[in-house]
1. What do you reckon, is Gly185 closer than 23 Å to Thr41 by Cβ and either part of a loop (DSSP other than H, G, I, E, B) or outside the structural domain of Lys129 (by TED's automatic domain parsing) (or both)?
2. Which pairs turn up if I take residues in segment 57-77 that are more than 16 Å from Arg17 (Cα to Cα) and look for partners that are at pLDDT below 95 with beta carbon separation below 7 Å, at least 6 apart in sequence or on another chain?
3. Return the residues of segment 171-190 that are closer than 12 Å to Cys146 by Cα, out of contact with any helix residue (DSSP H, G or I) (no Cβ under 7 Å at 6 or more places or on another chain) and surrounded by 23 or more Cβ atoms within 10 Å (Cβ to Cβ); say none if nothing qualifies.
4. Can you pull out the residues in segment 62-103 that are assigned to a helix (DSSP H, G or I), in contact with a strand residue (DSSP E or B) (Cβ under 7 Å, 6 or more places away or on another chain) and surrounded by 13 or more Cβ atoms within 10 Å (Cβ to Cβ)?
5. Restricted to segment 11-56, and to residues that are on the phi > 0 side of the Ramachandran plot and basic (Lys, Arg), which residue is surrounded by the most Cβ atoms within 10 Å (Cβ to Cβ)?
6. Do you know which of the residues in segment 1-18 that are touching a residue at least 40 places away in the same chain (Cβ under 8 Å) and hydrophobic (A, V, I, L, M, F, W, C) is farthest from Ser227 (Cα to Cα)?
7. In segment 104-138, which residues are more than 16 Å from Leu92 (Cα to Cα), more than 18 Å from the chain's Cα centre (by Cα) and not in a loop (DSSP other than H, G, I, E, B)?
8. If a residue has to be in a strand (DSSP E or B), among the β-branched types (Val, Ile, Thr) and within 13 Å of Gly148 (Cα to Cα) to count, how many in segment 213-234 make the cut?
Amino acid sequence: MELPPLTNGHILKRYKRFLADVELDSGERVVAHVPNTGRMTGCWEPGAPVQLSHSDNPKRKLAWTLERVDMGRGWVGVNTQRTNPVIEEALLQSRIAVLEGYAVVEREKSPPLEGRSSRLDMFLSGGRKPDAWIEVKNVTLLMGDCLGFPDAVSVRGSKHLRDLQLLVAQGYRGVILYALNRPEGSCFRPAEEVDPDYAGLLREVVNQGVEVLALRLQHTETGISVSDMVPVVL
């Protein structure tokens, strides 16, 4: 997926969760929107190189958006709004082998779960395998040699795991796909130190048939694409 034109700078500080002060390479200081609800632990520090996108939309409060940060090993994708389009593009291009063979890819669809109000990120249908429901999680938390999720207690994330568990019981494929949005780390594991309930629930639903995938995202000079699968340690 191609990103909009990017501007280089370095981050000065992040505050109020969704704001960052950035000094552009030109010397101009701007306030950028940070489209990331997580803690971004290990994803920024004062002086770290960043790239921003710019919008000319007059209705936006902030023209600049923080897209990625370099923590010394390459770009870390911090704009979580980019992750699902990257995965959708890969599915449409049959670039994720275990999810190939479906004729239809739909985004943001409500599953048939009576009494539960929810949406899941992707729905695949029209294939030889059972229709598949997919929830995608953007992963940037580095824990030693592994990347982990979540980076904060995630009640919503646990609800998605339960949804997938119920859908598997109905005969669907249920897939939790962790998109590893930084270059470090040779494996993925649940962040038990952050949210032990989520970690325990992930193991439970996997034992009941939910598929867990960890897929590296690769940042190029102008975009983001999917790369290789990474081992999952439960």
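The values are calculated or read from the model by the stated rules, or taken from the named source; none is laboratory data. In this text, all values refer to a predicted model and were calculated from it rather than measured experimentally. All Cβ positions, glycine included, derive from the backbone under ideal geometry; neighbour counts span all protein chains shown.
1. Working: closer than 23 Å to Thr41 by Cβ: yes; either part of a loop (DSSP other than H, G, I, E, B) or outside the structural domain of Lys129 (by TED's automatic domain parsing) (or both): yes.
Yes, satisfied.
2. none
3. First, the residues of segment 171-190 that are closer than 12 Å to Cys146 by Cα: 180, 182-190.
Narrowing further to those that are out of contact with any helix residue (DSSP H, G or I) (no Cβ under 7 Å at 6 or more places or on another chain): 180, 182-189.
The answer is Leu180, Arg182, Phe188.
4. Taking segment 62-103 first, the residues assigned to a helix (DSSP H, G or I) are 80-92, 97-99.
Narrowing the set further to residues that are in contact with a strand residue (DSSP E or B) (Cβ under 7 Å, 6 or more places away or on another chain) leaves 80, 82-84, 86-88, 90-92, 98-99.
Correct list: Thr80, Arg82, Thr83, Asn84, Val86, Ile87, Glu88, Ala90, Leu91, Val98, Leu99.
5. Arg17
6. Within segment 1-18, the subset touching a residue at least 40 places away in the same chain (Cβ under 8 Å) is 1-11.
If we keep only those that are hydrophobic (A, V, I, L, M, F, W, C) too, we end up with 1, 3, 6, 11.
Values: Met1: 12, Leu3: 17, Leu6: 22, Ile11: 27 Å.
Only one residue tops the list, namely Ile11.
7. none
8. Keep residues of segment 213-234 that are in a strand (DSSP E or B), which gives 213-219, 223-229, 232.
Then drop every residue that is not among the β-branched types (Val, Ile, Thr), which leaves 224, 226, 232.
In the following step, the residues that additionally are within 13 Å of Gly148 (Cα to Cα) were identified as 232.
Total meeting the criteria: 1.
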